[in-house]
Amino acid sequence: MALRPVLLFPDPRLKRVSSPVDEVTDALRSLAADMIEVMYDEPGIGLAAPQVGEAVRMVVMDTEWTEEGNDRDARVIINPEILEREGSVIWTEGCLSVPDFQAEVERAAQVTVRYTDLEGEEHVEECDELRAVCFQHEIDHLDGVLFVDRISRLKRTLYTKKRKKALKLEEEEDVAEGRAF
Ligand code: ZN
């Protein structure tokens with residue numbers, strides 16, 4: 001079966017606030033499995049359900065894996081909340097939903113996060129560095145916020161223009177392809 005496509009900026013579905021998960025159903029398990037596949041395929045280290053068009057508070061993450069190694073250990077994170085934040089860090093972020101762009105974003109340096117998994121078990125995790133940044137980035141997705149919403153207006157405007165131009169080119173290519181035999 002084809003992988004679920006990742007929605008791309010400026011798709012309005014990325015701006016929705018996702019609903020909490022109140023029951024782990026087979027559909028949710030299968031969505032999690034799909035998301036893990038998409039994450040490794042893209043490749044990425046995290047993916048939030050709204051990025052594949054599902055407005056539910058679920059994220060998959062594997063901040064350790066590398067494309068060379070096969071030590072994959074994807075976590076399914078349901079209803080994550082940040083309990084505590086400490087310090088600040090500037091991190092260069094990218095996003096599977098924001099093509100061809102990276103920018104520095106200021107985040108809390110350390111966070112304590114609470115979430116449940118597919119077995120309904122509760123986890124409380126303290127983390128820093130990439131993992132802390134990733135949690136904040138993914139939880140933002142659940143709130144309809146992209147990292148480009150956290151950079152200067154000027155940088156965002158420049159990126160938006162570049163993106164619109166790229167989309168227009170794609171459209172023109174589609175038209176040309178449509179005419180070909
Ligand atoms: Zn993202």
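Roughly how many percent of the accessible protein surface of the stretch 1-140 is carbon and sulfur, given a 1.4 Å probe and a whole-percent answer?
Exposed carbon and sulfur together represent 44 percent of the surface.
Taking a cut-off of 20 Å between Cα atoms, list the aspartates and glutamates near Lys162, but don't count ones fewer than 8 places away on the same chain.
Cα-Cα hits under 20 Å: Asp11, Glu93, Asp100, Glu104, Asp149, Glu170, Glu171, Glu172, Glu173, Asp174.
Spelling out what I want: for every residue of the stretch 91-97, take phi, set θ = phi - 60°, compute 6.51 cos²θ - 1.76 cosθ + 1.60 (Karplus), and round to whole Hz; glycine and proline get x.
Taking θ as phi minus 60°, the curve returns 10, 7, 10, x, 8, 4, 8 Hz for the stretch 91-97.
Rounded to the nearest whole Å², what accessible area per residue is found for the chain with the 1.4 Å probe? Intermediate results must be reported in sequence, preceding the final value.
Numbers: 10690 Å² over 181 residues.
In whole numbers, the chain has 59 Å² accessible per residue.
Distance from the Cα centre of the stretch 17-95 to that of the stretch 119-150, in angstrom?
8
Which length gain, in nm to one decimal place, applies between Arg29 and Ser88 when the Cα-Cα distance is subtracted from 0.36 nm times their residue separation?
17.8 nm is the gain from fully extending Arg29 to Ser88.
Going by the alpha-carbon gyration tensor, a ≥ b ≥ c the square roots of its eigenvalues, is the stretch 84-144 rounded (a/c under 1.5) or, if a/c is not under 1.5, prolate (a/b greater than b/c) versus oblate?
Cα axes put the stretch 84-144 in the oblate bin.
Between Glu121 and Arg13, 0.36 nm times their residue separation minus their Cα-Cα distance comes to what?
Gain on extension, Glu121 to Arg13, equals 35.9 nm.
Which net charge results when you count Lys and Arg as +1 and Asp and Glu as -1 among the other residues whose beta-carbon is under 12 Å from that of Leu3?
For residues surrounding Leu3, the net value is -3.
Do any GluC sites (Glu not before Pro) in the stretch 5-104 lie in a loop, going by DSSP, with at most 15 other beta-carbon atoms within 10 Å of their beta carbon, and if so which?
Glu23, Glu64, Glu67, Glu68
Expected output is a single nm value to one decimal: the length gained when fully extending between Asp143 and Glu42, i.e. 0.36 nm times separation in residues minus the C-alpha distance. What is it?
Values: separation 101, 0.36 × 101 = 36.36 nm, distance 2.23 nm.
Full extension from Asp143 to Glu42 adds 34.1 nm.
For the stretch 27-33, in order, what is each residue's ³J(HN,Hα) by Karplus, 6.51 cos²θ - 1.76 cosθ + 1.60 with θ = phi - 60°, in whole Hz (x at glycine and Pro)?
Values per residue, Gly and Pro as x: 5, 5, 4, 6, 4, 4, 4 Hz.
Label points 7 Å out from Cα along the Cβ direction at Ala55 and Ala166: separation in nm?
Those two pseudo-labels are separated by 2.6 nm.
How big is the accessible area of Cys134 in square angstrom, nearest 10, if you roll a 1.4 angstrom probe over the protein chains?
10
Ratio to report: Rg/Rh of the chain, with Cα atoms as the point set and Rh obtained by the Kirkwood method; give two decimals.
A ratio of 0.99.
Hey, can you grab everything whose amide H is under 5 Å from the amide H of Ala109? Only 5+ residues off in sequence or another chain; H modelled, so Pro and N-termini drop out.
Residues meeting the amide H criterion: Glu86, Gly87, Ser88, Val89.
The values are calculated or read from the model by the stated rules, or taken from the named source; none is laboratory data. Because the structure is a prediction, the values reported are computed rather than measured. Glycine gets a Cβ as well: all are built from the backbone with ideal geometry, and neighbour counts include every protein chain shown. Ligands, DNA and RNA are stripped out before the accessible areas are found, and what is left, the full protein with its side chains, is counted by its heavy atoms. Shrake-Rupley method; radii C 1.70, N 1.55, O 1.52, S 1.80 Å.
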